[in-house]
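Since the structure comes first, as structure tokens, the remarks are kept for the end.
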Ligand code: SF4
Ligand code: SF4
Ligand code: FES
């Protein structure tokens, strides 16, 4: 008979939940949900070994565990710290945490350009959200910012190193999803930068996913750049027959035009099904897709300001039962 694993109790901002041993504080917070979930700029659940780089997820551990109730002396990275039984954690209820998050945000923005008005990521950028919540209006820095020229790294991807926060998610994608990693983080400390091996192009089959995992506008889709502001497009769930990936994607439509194709993401903006380059960059004809229906967008997102109006001829393309049901509902 299998022995039942004893779960650990953890209290975050006064709310208690139970998790399996080995769960991180961040994942426990996600289990609770709401405002107690710390922001995460480098942790990415679908990628092994992510996290521990950006420090936006710092929290205060006010009680270490039931066995040892002493608080932890320093704030800890919640994405890399495992829950102990009886642990008590403060996120939004901790002044220290909020102060640290302000400092981390300021640090992430030290070299960051004021590019939001011309940046393709605006409206779906985690750094933008973080700055609104924890940033300050003025900068204290007087020195010249580190600057790079935007670079085409292959036919599909544009690198704008000025906006990179060195979270390393794109490197993990290349390591874990493609056969051959062609880029990485070069140099160290202040000099660290994302670069390709001897100006190689990033072309391997699943490399387009780096665009989806990049929390900022450092890696953007060359086939969709500047085509539209994200809040002027309408995201729909769509699927297709594909022999390389599951073919489940999101089409970002403007009228009848497919502006860009991305992977589907969950509420924490983490990819649910990786998609291949063929689906992402080459299937821009709506006829190649089976439209499943509108994508749910969080009502706090700027993208939800856009309301759904299905292009008429798209309804003709809908041939599965779900889609018909959705179009009937829309017409009521
Ligand atoms: S990466 Fe984000 S914060 Fe930076 S310029 Fe683009 S939208 Fe603004
Ligand atoms: S390019 Fe994007 S994903 Fe890669 S390290 Fe920089 S911020 Fe992270
Ligand atoms: S999300 Fe935890 S350190 Fe970056």
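The values are calculated or read from the model by the stated rules, or taken from the named source; none is laboratory data. Just so it is clear, the model here is predicted, and its values are computed rather than measured. Here Cβ is always computed from backbone atoms with ideal geometry, including for glycine, and neighbour counts include all displayed protein chains.
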Quick one: which residue in 230, 236, 171 is under 26 Å from residue 285 (Cα atoms) and at pLDDT 95 or above?
236
For the subset of region 249-258 comprising residues that are touching a helix residue (DSSP H, G or I) at 6+ places or on another chain (Cβ under 9 Å) and buried (at least 18 other Cβ atoms within 10 Å of the Cβ), which member is nearest to residue 210 (Cα to Cα)?
249
For residue 133, state whether it is loosely packed, with under 14 Cβ neighbours inside 10 Å, within 16 Å of ligand 3 (Cβ to nearest atom) and not in a strand (DSSP E or B).
yes
Could you tell me whether region 227-244 includes any residue that is in contact (Cβ under 8 Å) with a residue 24 or more places away in the chain and within 16 Å of ligand 2 (Cβ to nearest atom)?
no
Go through region 23-50 and give me each residue that's without any contact (Cβ under 8 Å) to a residue 60 or more places away in the chain, crowded, with 23+ Cβ neighbours inside 10 Å and either within 16 Å of ligand 2 (Cβ to nearest atom) or assigned to a strand (DSSP E or B) (or both).
43
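Okay, residues lined up against (1) under 24 Å from residue 224 (Cβ atoms); (2) under 16 Å from the mean Cα position of the chain (by Cα); (3) not in a loop (DSSP other than H, G, I, E, B):
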| site | (1), (2), (3) |
| --- | --- |
| 96 | no, no, yes |
| 102 | no, no, yes |
| 113 | yes, no, no |
| 129 | yes, yes, yes |
| 138 | no, no, no |
| 162 | yes, no, yes |
| 185 | no, no, yes |
Do we have residue 34 as more than 16 Å from ligand 1 (Cβ to nearest atom) and either assigned by TED's automatic domain parsing to the domain that holds residue 268 or at pLDDT 95 or above (or both) here?
no
Taking the residues in region 115-127 that are surrounded by 18 or more Cβ atoms within 10 Å (Cβ to Cβ) and assigned to a helix (DSSP H, G or I) as candidates, determine which candidate is farthest from ligand 1 (Cβ to nearest atom).
126
For the condition more than 16 Å from ligand 2 (Cβ to nearest atom), free of Cβ contacts under 8 Å to residues at least 24 places away in the same chain and not assigned by TED's automatic domain parsing to the domain that holds residue 46, what is the one hit in 95, 144?
144
Here is a list of conditions, (1) within 28 Å of residue 135 (Cα to Cα); (2) at pLDDT 95 or above, and residue 20 meets all of them except one; can you say which number that is?
(1)
Quick one: would you say residue 154 is under 20 Å from residue 212 (Cβ atoms), more than 16 Å from ligand 2 (Cβ to nearest atom), part of a loop (DSSP other than H, G, I, E, B) and outside the structural domain of residue 276 (by TED's automatic domain parsing)?
no
Evaluate the following for residue 293: is it surrounded by 19 or more Cβ atoms within 10 Å (Cβ to Cβ), modelled with pLDDT under 95, away from ligand 1 (no atom under 16 Å from the Cβ) and not assigned by TED's automatic domain parsing to the domain that holds residue 158?
yes
In this structure, does residue 99 turn out to be away from ligand 1 (no atom under 14 Å from the Cβ), surrounded by fewer than 16 Cβ atoms within 10 Å (Cβ to Cβ) and within 30 Å of residue 197 (Cβ to Cβ)?
no
